[in-house]
Amino acid sequence: RDLAPEAVARGLVAASVKVFAPDAASADAIAGVAGAHAETLASVAALRELALELRAPISRESYAAAERFADLAATLDVRRLRVEIALDALGLDRIGAAVDALDRLGARCHALGISLDATPLSAGPRGFSKLPAQPR
């Protein structure tokens, strides 16, 4: 059941939506649920009038495609992207490659006018100090 319309009707003004990967096959594999990516994108569409950000977890499965998160955000008309990195999900052996991928993501976000933030490593994947405050 999609709770987004009900939440908006009850006064929700901002949301942060986690997207496991920029493409359906990878996101569904990470989530372990067929159709999870499509369901997430449908929720984003239902929330499009809110101040909205996409959260992109950078893991061993998603780091190589990190810059494609910017394209996904632009396609969804979401102007804010937050990356979250859990070292255990990435693996210490991939840190150098992940830094390069994040550099490409930053350049792509800049080119598309997408704001890019990062959750501090010390917070793990749950430290969100703020959400966008104004509905669009």
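The values are calculated or read from the model by the stated rules, or taken from the named source; none is laboratory data. These figures come from a predicted structure and were not determined experimentally. A quick note on method: Cβ atoms are made from the backbone with ideal geometry, for glycine too, and the neighbour counts reach across all protein chains shown. Keep in mind that these areas ignore ligands, DNA and RNA; they rest on the heavy atoms of the full protein, side chains included. Shrake-Rupley method; radii C 1.70, N 1.55, O 1.52, S 1.80 Å.
One table, with the values for the structure above:
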{"item": "Filter pass, residue 25 being touching a helix residue (DSSP H, G or I) at 6+ places or on another chain (Cβ under 9 Å) and either at pLDDT below 90 or more than 21 Å from residue 65 (Cβ to Cβ) (or both)", "result": "no"}
{"item": "Count of segment 63-88 residues which are at pLDDT 90 or above, assigned to a loop (DSSP other than H, G, I, E, B) and open to solvent by less than 30 Å² (accessible area, probe 1.4 Å)", "result": "3"}
{"item": "Members of segment 31-45 that are without any contact (Cβ under 8 Å) to a residue 40 or more places away in the chain, under 18 Å from residue 4 (Cβ atoms) and touching a helix residue (DSSP H, G or I) at 6+ places or on another chain (Cβ under 6 Å)", "result": "36, 37"}
{"item": "Of the criteria (1) exposed (fewer than 14 other Cβ atoms within 10 Å of the Cβ); (2) under 30 Å from residue 9 (Cβ atoms), which one residue 100 fails", "result": "(2)"}
{"item": "Conditions (1) in a loop (DSSP other than H, G, I, E, B); (2) open to solvent by less than 50 Å² (accessible area, probe 1.4 Å); (3) at pLDDT 90 or above: number failed by residue 132", "result": "(3)"}
{"item": "Among the candidates 48, 60, 68, residue that is within 22 Å of residue 7 (Cα to Cα) and of a type in the set (Lys, Arg)", "result": "48"}
{"item": "Test: residue in segment 51-59 that is part of a helix (DSSP H, G or I), touching a residue at least 24 places away in the same chain (Cβ under 8 Å), open to solvent by less than 70 Å² (accessible area, probe 1.4 Å) and of a type in the set (Ser, Thr, Tyr)", "result": "no"}
{"item": "Every residue from segment 4-30 that is of a type in the set (A, V, I, L, M, F, W, C), open to solvent by 40 Å² or more (accessible area, probe 1.4 Å) and free of Cβ contacts under 8 Å to residues at least 40 places away in the same chain", "result": "9, 12, 24, 25, 29, 30"}
{"item": "Which listed residue is part of a helix (DSSP H, G or I) and on the phi < 0 side of the Ramachandran plot, from 34, 97, 21", "result": "97"}
